[in-house]
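Since the structure comes first, as structure tokens, the remarks are kept for the end.
Please treat every number below as a calculation from the coordinates, not as lab data. All figures in this text were calculated on a predicted structure; none of them were measured in a lab. When we count neighbours, we look across all protein chains shown, and the Cβ atoms used for this are built from the backbone with ideal geometry, even at glycine.
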Amino acid sequence: MQQFFEFSPEVQQAMQERKPVLALESTVITHGLPFPRNIEVALELEEIARKNHVVPATIAIIQGKIKIGLTSAELELLVNDKQVVKAGKRDIPYILSTGLNAGTTVASTLYCADYAGIKVFATGGIGGVHRGDDQDISADLIELARTPIAVICAGVKAILDLPRTLEFLETHSIPVIGYRTDVMPAFYSSATSYKLPARVEGIADLVKILRIHWQLGMTAGILIANPVPVEDEIPAEIIDPVIADALQEAAKQQIRGKEITPYLLDKVANATKGKSMQANINLIKNNVRLGAMVAHKVSTT
């Protein structure tokens with residue numbers, strides 16, 4: 001298995017010296033943002049981690065190898081490849097066998113980060129149960145249920161069914177901790193009516209929970225809900241009608257599976273004249289900042 005993984009020199013050195021490392025996914029680069037904003041944001045996210053004394057490990061698949069951390073040349077290759085694909089966990093063997101380049105989803109990033117021994121992962125929002133179809137469940141949730149990594153996110157993507165997703169998380173014993181919030185955020189919006197079972201105010205309390213979770217041998221991940229900053233959010237009463245229209249259009253065009261999320265995000269971005277994209281960027285930065293602080297605290301206490 002080891003032959004399929006390659007660590008960047010920066011990440012390799014950090015792992016050898018037991019320095020904190022933060023996992024980052026790459027579909028936001030390959031499928032979430034347009035060029036050249038995608039490479040700009042990728043570099044900005046990595047710099048946020050470094051400023052918080054943590055080594056970023058952006059994970060992707062490049063030319064038959066799972067990359068744990070990207071060099072600048074590999075990042076350029078990823079964003080300039082017009083045939084780059086989106087890699088869920090189930091797609092990894094095929095992509096490795098064909099030598100394709102791919103951005104990793106939350107699910108596949110979790111799988112790869114776990115193999116690499118990385119304990120903290122920051123992303124934008126997780127996948128969940130889709131609206132109108134309780135059988136359409138993101139692989140993100142399945143992988144969360146069996147991978148004991150701390151995942152910092154701005155809640156569930158707003159295009160999804162929040163109550164059904166929360167029910168799945170409960171059923172599969174995936175803890176959800178609100179970071180300075182009592183309710184589940186909805187990606188673009190900081191507040192919903194869905195109360196969370198736990199809240200923490202500081203990094204030390206959060207890391208204490210993580211350590212106990214791991215010491216008990218819990219096999220599931222632990223979800224840390226970090227709301228989008230209020231100054232960057234799009235209130236639910238504004239974004240919800242836009243999402244409803246995008247969902248109707250997707251249904252008409254019979255867009256399904258892993259194509260549905262990028263389609264909906266693109267429609268929402270167009271309808272909000274780019275406001276949703278900027279909110280997306282800002283909330284990811286906010287999550288990487290928190291993720292770096294958590295990863296640093298985990299490694300130094």
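For region 218-283 versus region 12-41, the spacing of their alpha-carbon centroids is 21 Å.
Computed 3J(HN,Hα) for region 262-272, one whole-Hz value per residue from the Karplus formula 6.51 cos²θ - 1.76 cosθ + 1.60 where θ = phi - 60°, is x, 4, 5, 5, 5, 4, 5, 4, 5, 5, 9, glycine and proline marked x. Under 5 Å between amide hydrogens, built in the peptide plane, is the criterion, and for residue 186 it picks out 191 among residues at least 5 positions away or on other chains. Charged side chains reduced to their Cβ positions (Lys and Arg at +1, Asp and Glu at -1) give region 2-300 a dipole of some 500 debye around its Cα centre.
Computed from phi, the 3J(HN,Hα) profile of region 162-168 under the Karplus parametrisation 6.51, -1.76, 1.60 (θ = phi - 60°) reads 5, x, 5, 5, 4, 5, 4 Hz, with x in place of Gly and Pro. Per residue, the average separation of C-alpha pairs within less than 8 Å and at least 6 apart gives the chain a relative contact order of 19 percent. For region 1-48, applying the loop criterion from DSSP together with a ceiling of 13 other beta carbons within 10 Å to the GluC sites (Glu not before Pro) yields 17.
Projecting each Cα onto the charge dipole of the chain (Lys/Arg +1, Asp/Glu -1 at the beta carbon, about the Cα centre), which of 8, 229, 73 comes out farthest on the positive side? Farthest towards the positive pole: 8. Which of the residue pairs 65/119; 86/267; 67/297; 67/89; 67/208; 252/285 have a Cα-Cα distance greater than 23 Å in the structure shown? Cα-Cα > 23 Å for 67/297; 67/208; 252/285; rest within. The spacing between region 85-132 and region 43-81, judged by their C-alpha centroids, is 14 Å. One quarter of the surface of the convex hull around the alpha-carbon atoms of the chain equals 14.4 nm², the direction-averaged projected area.
Loop-located trypsin sites (Lys or Arg not before Pro) across region 63-135 with a Cβ neighbour count of 11 or fewer within 10 Å are 82, with loop assigned by DSSP. If you scale each eigenvalue of the Cα gyration tensor by 5 and take the root, what three semi-axes come out for region 151-243, rounded to whole angstrom and sorted largest first? Sorted largest first and rounded, they come to 25, 15, 9 Å. Based on the Kirkwood approach, the hydrodynamic radius assigned to region 179-301 is 16.4 Å, with every pair of different Cα atoms included. Over region 81-206, what is the mean sequence separation of C-alpha contacts under 8 Å (at least six apart), divided by residue count, expressed as relative contact order in percent? Contact order relative to length: 18 percent.
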